[in-house]
Protein chains: 2
Amino acid sequence: MTAPTIPPATYEELRNELAEKHEGLSKRLKQIAEYALDNPNDMALETVSGIAERASVQPSSLIRFAKAFGYSGFSEMQRVFRSYLVESGANYKDRIRSFRNEQGEDGAPRNIVLEDFIDGGIAALKNLRDVVDPEQFEAAVKILGKADVIYLAAQRRAFPVASYLAYAFAQLDKRCVLVDGNGGMFFQQGHSIRSGDALLAISFKSYSPEVIQLVKETREKSIPVVSISDGLLSPLSQNSDVTLEVEEVEVHAFRSLSATMTLALTLVVALGRELQK
Amino acid sequence: MTAPTIPPATYEELRNELAEKHEGLSKRLKQIAEYALDNPNDMALETVSGIAERASVQPSSLIRFAKAFGYSGFSEMQRVFRSYLVESGANYKDRIRSFRNEQGEDGAPRNIVLEDFIDGGIAALKNLRDVVDPEQFEAAVKILGKADVIYLAAQRRAFPVASYLAYAFAQLDKRCVLVDGNGGMFFQQGHSIRSGDALLAISFKSYSPEVIQLVKETREKSIPVVSISDGLLSPLSQNSDVTLEVEEVEVHAFRSLSATMTLALTLVVALGRELQK
DNA sequence: AGAAAAATGGAATAAAAATTCCGCGAAGAG
DNA sequence: CTCTTCGCGGAATTTTTATTCCATTTTTCT
């Protein structure tokens with residue numbers, strides 16, 4: 001009775017199976033198959049009785065349906081539909097982070113290779129595409145374009161980004177000051193900002209207290225602040241006029257900067273365009 | 001006790017609410033808010049106890065959390081996270097288009113470039129996979145692992161990479177000197193290298209003469225040199241013991257650093273492993 | 001430092017959901 | 001035409017999941 005089938009493990013497989021077996025199914029099961037192909041979202045998120053109602057079918061038929069395809073019950077089949085939702089959705093975070101826990105269980109560290117980081121980097125870039133809001137981005141460009149002098153503030157891991165931007169801005173003939181704390185002069189450098197300028201602050205968790213403080217102080221002077229940071233909880237985004245969000249690959253305690261660098265470059269080019277007007 | 005709040009009905013609203021109230025929350029609730037913003041997928045699909053476990057929290061805290069934001073229970077809040085999953089899947093294609101948009105046929109420049117740079121970055125990463133030779137990479141790690149002090153030399157566009165490495169090496173407790181030419185002391189800094197150390201030089205075309213010269217001089221002292229550069233024609237690779245090759249894709253006449261940064265991160269992690277032995 | 005208030009963990013309970021079971025009725029075989 | 005088989009509906013049951021409650025800890029205020 002139960003088909004000795006190995007149940008499809010991915011949404012694609014399931015779709016094909018559904019289409020293929022469709023002909024040979026009984027009336028109700030056929031009906032369900034059609035509904036499933038038409039409403040994968042429902043299949044993924046609704047409860048058995050919810051789906052049963054919408055598809056005008058009895059709950060028990062849904063269980064029979066799942067079993068006909070080799071699953072142990074409806075829940076197991078639903079997992080497949082859910083995995084589809086996750087994959088198709090704008091969410092690469094899981095893959096970005098997939099390195100976090102990859103320590104071999106035997107204690108021996110897993111051999112992490114370049115391949116993995118490349119995949120992670122690609123995921124981070126795709127994620128960047130999803131999380132950067134075009135309007136925010138435009139707003140950031142506008143602010144920077146209008147600024148007389150752009151102040152760049154960043155420490156530690158974020159510092160390379162600022163230094164790259166300083167280099168690129170110079171190429172654009174855009175004046176900028178790199179507030180790098182060289183010689184312990186962080187605030188001395190930072191405080192010379194004045195009306196007409198703009199601050200571009202970059203910091204990721206754990207956030208540099210100096211940068212946070214400078215952002216706050218600058219804001220209090222009503223000078224516009226653009227920030228590049230990770231997520232809404234960043235103390236930077238809470239004190240900035242515009243925030244651009246980036247999430248990077250992390251391994252152990254190390255994070256890459258590849259997505260951030262891409263964002264920075266884009267900002268430079270967009271700013272170049274803006275300045276040409 | 002229950003906040004008289006009207007609970008957020010959309011994911012966006014909820015996100016903002018989460019970020020906004022975050023400060024005023026108690027320890028556990030804060031912890032949950034962070035987890036929720038980081039893992040919306042889990043919040044949408046997992047069960048209460050599943051999330052509780054992953055977020056290292058009690059199930060009851062999750063219910064309290066939902067109630068703190070005005071929902072009647074966790075399930076109600078979960079609906080919001082689910083709606084996000086559905087929407088993000090549906091809008092996915094539109095969003096891409098909104099970025100890709102507007103190649104003015106009249107010759108007007110595209111106004112949005114992020115999409116291009118992301119594609120370029122992805123291409124560069126894929127290319128990196130092909131051109132980096134695992135043996136060379138291992139050799140580079142060995143050399144750096146054995147070095148007493150690592151000297152990092154880079155200028156201009158390559159400088160951010162070196163500064164990133166300097167930061168990361170410091171985290172590994174690996175001594176290093178960043179030869180950055182600060183105060184016009186490039187060679188003074190560079191010449192202090194001595195037997196037992198190693199030089200890691202980074203430069204892309206058009207190659208910085210200072211870096212090239214330092215590489216040559218260091219080689220003449222029989223001190224090992226590892227370089228990161230673009231292609232075998234680079235004057236760096238001709239004077240280095242090991243060269244790691246990266247080619248960044250050029251988009252709109254600008255080059256990114258995303259692939260290089262990924263390579264750098266990999267190097268750091270590999271070196272960390274090496275040092276643990 | 002001590003009292004009051006708030007937050008937390010964890011078991012107990014309630015609610016909801018999935019699954020099973022069984023009798024009925026339709027379709028097909030002899 | 002009758003018997004058998006298969007599929008179906010729907011209530012009953014089991015399992016899973018969400019929620020509540022309260023003792024204990026932690027924080028806050030005085």
Rounded to 5, percent antiparallel among DSSP beta bridges of the protein assembly as shown = 10 percent
Gyration tensor on Cα atoms of region A:132-276, a ≥ b ≥ c root eigenvalues, a/c under 1.5 rounded, else prolate if a/b beats b/c, else oblate, says rounded
Under the rule of -39500 (n - 2.57) per DSSP H run of 4 or more residues, summed and divided by the residues of the protein assembly as shown, what mean residue ellipticity at 222 nm is obtained, to the nearest 500 deg cm²/dmol?
-> -16500 deg cm²/dmol
Per residue of B:147-160, what is the mean number of Cβ atoms on other protein chains within 10 angstrom of that residue's Cβ?
-> 2
Restricting the count to DSSP beta bridges whose residues both fall in chain B, what percent are antiparallel, rounded to a multiple of 5?
-> 10 percent
Please work out the Cα center distance from region A:142-184 to region B:174-221, rounded to the nearest Å.
-> 25 Å
Computed about the Cα centre, the charge dipole of region A:132-276 from +1 Lys/Arg and -1 Asp/Glu charges at the Cβ has a magnitude in debye, to the nearest 20, of 320 debye
If you average the sequence gap of Cα pairs under 8 Å that are 6 or more apart and divide by the length of chain A, what percent do you get for the contact order?
-> 16 percent
A correct Karplus calculation of ³J(HN,Hα) over region A:260-277, with 6.51 cos²θ - 1.76 cosθ + 1.60, θ = phi - 60°, whole Hz and x for Gly and Pro, returns 4, 5, 5, 4, 4, 4, 4, 4, 4, 5, 4, 5, x, 4, 4, 6, 5, 5
How big is the charge dipole of the protein assembly as shown about its Cα centre, in debye rounded to the nearest 20, if each Lys and Arg gets +1 on its Cβ and each Asp and Glu gets -1 on its Cβ?
-> 880 debye
Lys and Arg at +1, Asp and Glu at -1: neighbours of A:Asn182 with Cβ under 13 Å from its Cβ sum to -3
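Ordering A:Arg157, B:Arg129, B:Arg273 from largest to smallest accessible area (1.4 angstrom probe), what's the sequence? Mind dumping the intermediate values first?
Values: A:Arg157 30, B:Arg129 75, B:Arg273 50 Å².
Solvent-accessible surface, decreasing: B:Arg129, B:Arg273, A:Arg157.
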Exercise: per-residue mean of other protein chain Cβ atoms within 10 Å, A:135-143 = 1
Out of A:Leu257, A:Tyr167, A:Pro224 - ranked by how far each Cα lies towards the positive end of the dipole of region A:132-276, with unit charges on the beta-carbon of charged residues - the top one is A:Tyr167
At a 1.4 Å probe radius, which order do B:Ser60, A:Ser234 fall into by accessible area, largest first?
-> B:Ser60, A:Ser234
How big is the accessible area of A:Ser206 in square angstrom, nearest 10, if you roll a 1.4 angstrom probe over the protein chains?
-> 90 Å²
When Cβ neighbours within 10 Å are restricted to other protein chains, what is their mean count per residue of peptide B:19-25?
-> 2
Within straight-line cross-link reach of A:Lys221, lysines at Cα separation under 22 Å, skipping those fewer than 8 residues along the same chain | A:Lys142, A:Lys146
So how much accessible surface do B and A hide from each other in total, probe 1.4 Å, in square angstrom to the nearest 100?
-> 5700 Å²
Between the modelled labels at B:Lys30 and B:Met185 (7 Å from Cα along Cα→Cβ) the distance in nm is 4.1 nm
Length-normalised contact order of region A:132-276, Cα under 8 Å, at least 6 apart, in percent, tallies to 26 percent
Quick one: Karplus J couplings for region B:27-35, per residue in order, coefficients 6.51, -1.76, 1.60, θ = phi - 60°, nearest Hz, x for Gly and Pro?
-> 3, 4, 5, 4, 4, 5, 4, 5, 4
Two-site label geometry, A:Thr47 and A:Lys216: point separation in nm, points 7 Å out along Cα→Cβ | 4.7 nm
Please name which of B:Gly73, A:Pro7, B:Ala154 has its Cα lying farthest along the dipole of the protein assembly as shown towards the positive end, using unit charges on Cβ (Lys, Arg +1; Asp, Glu -1) and the Cα centre as origin.
-> B:Gly73
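The values are calculated or read from the model by the stated rules, or taken from the named source; none is laboratory data. Worth saying up front: this structure is predicted, and the values here are computed from it rather than measured. Glycine gets a Cβ as well: all are built from the backbone with ideal geometry, and neighbour counts include every protein chain shown. SASA here: full protein model, heavy atoms, side chains in, ligands and nucleic acids out. Shrake-Rupley method; radii C 1.70, N 1.55, O 1.52, S 1.80 Å.
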